[in-house]
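What follows is a short report on a single structure.
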Amino acid sequence: MSRIVAIAAVILALSGCATAPVPQATLPVTPAQDVATSLIVRAPVAQSPLPAPTPDTDKAAAAPLLPVVVPANTLYVCVTDAQGVRQQTAIEFSPKVGTLCRKHPEMSACKYERSVCRRSGGRVFTANGLEITQLTELEYDKRVMRVVFRAD
């Protein structure tokens, strides 16, 4: 009897240590009534279907490269591919914040918006179509000597 209780206790302890998968949140879009007063505006740009997979593209790990639509006065575009549809969301800043982010993309407001995009499963592209990867973010962190403390 005590052996059964011990086994049950171990099973309960191990199941309590397991972590549930975290669902990806969708990228929040700025409501229409807040666009005029918001410093940072996230607006959907365009949806485009992804090309059908071919035997050659099935082997490739990266998503197929399609042109990124960048509206005027937009610094970043968040691109997410979900269920065969590419969703692009423009990340627009107020004039003062936009000027700051153009000169110093390592600043907090700019980095925060890129992080929000990545947390929702997206990839960040600049106005000229280049992707800002985690490697680029590390270079930005070196510029400002930012130290990131991790809990894990």
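The values are calculated or read from the model by the stated rules, or taken from the named source; none is laboratory data. Bear in mind the structure is a predicted one, so any value in this text is a computation, not a measurement. Protein only, heavy atoms only, side chains kept; ligands, DNA and RNA dropped before computing areas. Shrake-Rupley method; radii C 1.70, N 1.55, O 1.52, S 1.80 Å.
Remarks
- With all protein chains modelled, accessible area of Phe93 [1.4 Å, Å²]: 30 Å²
- For Thr133 and Ala6, the difference between the fully extended length at 0.36 nm per residue and the C-alpha to C-alpha distance is 40.9 nm.
- Other-chain or far-sequence residues with amide H under 5 Å of Arg86's (modelled H): Ser48, Leu50
- The stretch 74-151: C-alpha gyration tensor shape, a/c 1.5 cut-off, then a/b vs b/c: oblate
- Counting only heavy atoms of the protein chains and using a 1.4 Å probe, Leu138 has close to 100 Å² of accessible surface.
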